[in-house]
Structure formats: C-alpha cells, structure tokens
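**Student:** Would you mind keeping the following structure in view while I ask a few things?
The values are calculated or read from the model by the stated rules, or taken from the named source; none is laboratory data. Keep in mind that what you see is a predicted model, and the values were worked out from it rather than measured. All Cβ positions, glycine included, derive from the backbone under ideal geometry; neighbour counts span all protein chains shown. SASA here: full protein model, heavy atoms, side chains in, ligands and nucleic acids out. Shrake-Rupley method; radii C 1.70, N 1.55, O 1.52, S 1.80 Å.
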Amino acid sequence: MPTTPDTLWLRLMGRDTVQRQAIRELLALAPEHPARRTTLEHLARLQITLQSRQNLTKDEQEIVVNLSPIYQQWREETLQQGRQEGQREGIQLMLSRTVPLLLQSGLTLEQIAQQLQVSLDEVTAAAAQNQN
C-alpha cells in the first residue's frame, strides 16, 4: 500500500511496522489538521477499550502497545484544552465581578482593558452582561 496521506486511515488499521509508521505520521500532523483531533480521540478510545479487557490476543496486545503514544498525545491535548477553557472561564468570572466596580469608580472601558491587560471586547462583553 502506498505511504500517502490518503492511505493513512487504512495504514492505521494495519499491523506491525505499517501501523507504527502510520501512528508516527498521525502524531506528526499539525494540531489544526482537520482529521487529527477526531482520529486521535477514536484511537485513544480503542486503546482504552482494549486495555480494559482481559485475555487479549497477541494482536490486540500489540495494538494496545502501538496505540499508547496516541493515547498519551490525546490525553495531553485534552488536558491542555481543559486548562485553557478553565483559564478563559476564570478570566470571564473575574471580569464580570471587576468591570462593574471599575466602571462605578469612573474608569472608561478602554482604561479598564488596559489596567486589566485584557481586550476591549472582553471588557465590553462583561459590562454588557452586567447590565442585563
């Protein structure tokens, strides 16, 4: 089978060296590649499912080992995404509590954005949210 991006999915389902090479190619794809995140997630689920079973065949054991880097990459990216979302939520919560107080003290939206080192859009959204 030719080693091309079009055959990556098929090669991921292959065996031995073919599968290991395809896994390396998948991990080397740019994070924003359209199929990367979904493929990592599906293969991580497969690895978890197989790993939770008892009495794996030799082939299944090999797949678990081969998919281990996929699972690790998916896990790290998922944790990073969670940290980023938590950070954004924390910033929004801080702004929703701070912006009204700073507006009452006479600061403009621009001054607040500058003082808090956030975008004017974020400050404007927090101010509008508080008016509702």
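**Student:** Would you pick out the residues in the range 9-26 that are open to solvent by less than 50 Å² (accessible area, probe 1.4 Å) and either outside any helix (DSSP H, G or I) or touching a residue at least 24 places away in the same chain (Cβ under 8 Å) (or both)? Working first, answer last.
**Tutor:** Filtering the range 9-26 for residues open to solvent by less than 50 Å² (accessible area, probe 1.4 Å) gives 11-12, 14, 19, 22-23, 25-26.
The answer is Leu12, Gly14, Gln19, Ile23, Leu26.
**Student:** State whether one or more residues within the range 53-61 are open to solvent by 60 Å² or more (accessible area, probe 1.4 Å), hydrophobic (A, V, I, L, M, F, W, C) and either over 18 Å from the mean Cα position of the chain (by Cα) or more than 30 Å from Gly14 (Cα to Cα) (or both). First the steps, then the outcome.
**Tutor:** Narrowing the range 53-61 to residues open to solvent by 60 Å² or more (accessible area, probe 1.4 Å): 53-55, 57-59, 61.
Now drop any that are not hydrophobic (A, V, I, L, M, F, W, C), which leaves none.
No: the range 53-61 contains no residue that is open to solvent by 60 Å² or more (accessible area, probe 1.4 Å), hydrophobic (A, V, I, L, M, F, W, C) and either over 18 Å from the mean Cα position of the chain (by Cα) or more than 30 Å from Gly14 (Cα to Cα) (or both).
**Student:** Looking at (1) β-branched (Val, Ile, Thr); (2) without any contact (Cβ under 8 Å) to a residue 40 or more places away in the chain; (3) touching a helix residue (DSSP H, G or I) at 6+ places or on another chain (Cβ under 8 Å), which is the one condition that is false for Val65?
**Tutor:** Of (1) β-branched (Val, Ile, Thr); (2) without any contact (Cβ under 8 Å) to a residue 40 or more places away in the chain; (3) touching a helix residue (DSSP H, G or I) at 6+ places or on another chain (Cβ under 8 Å), only one is false for Val65: (3).
**Student:** Name the residues in the range 38-52 that are open to solvent by 40 Å² or more (accessible area, probe 1.4 Å) and hydrophobic (A, V, I, L, M, F, W, C), would you?
**Tutor:** The initial filter retains those residues of the range 38-52 that are open to solvent by 40 Å² or more (accessible area, probe 1.4 Å), namely 38, 41-42, 45-46, 48-49, 51-52.
Scanning the range 38-52 gives Leu46, Ile48.
**Student:** Among the numbered conditions (1) among the small types (Gly, Ala, Ser); (2) surrounded by 15 or more Cβ atoms within 10 Å (Cβ to Cβ); (3) not in a helix (DSSP H, G or I), tell me where Gly106 comes up short.
**Tutor:** Checking Gly106 against (1) among the small types (Gly, Ala, Ser); (2) surrounded by 15 or more Cβ atoms within 10 Å (Cβ to Cβ); (3) not in a helix (DSSP H, G or I), the one that fails is (2).
**Student:** A further question on this structure: (1) under 30 Å from Thr7 (Cβ atoms); (2) in a loop (DSSP other than H, G, I, E, B); (3) out of contact with any helix residue (DSSP H, G or I) (no Cβ under 9 Å at 6 or more places or on another chain): which one isn't true of Asp59, the others all being true?
**Tutor:** It fails just one condition, (2).
**Student:** For Ile48, work out the one condition from (1) in contact (Cβ under 8 Å) with a residue 24 or more places away in the chain; (2) out of contact with any Ser or Thr (no Cβ under 8 Å at 6 or more places or on another chain); (3) under 30 Å from Val18 (Cβ atoms) it doesn't fulfil.
**Tutor:** (1)
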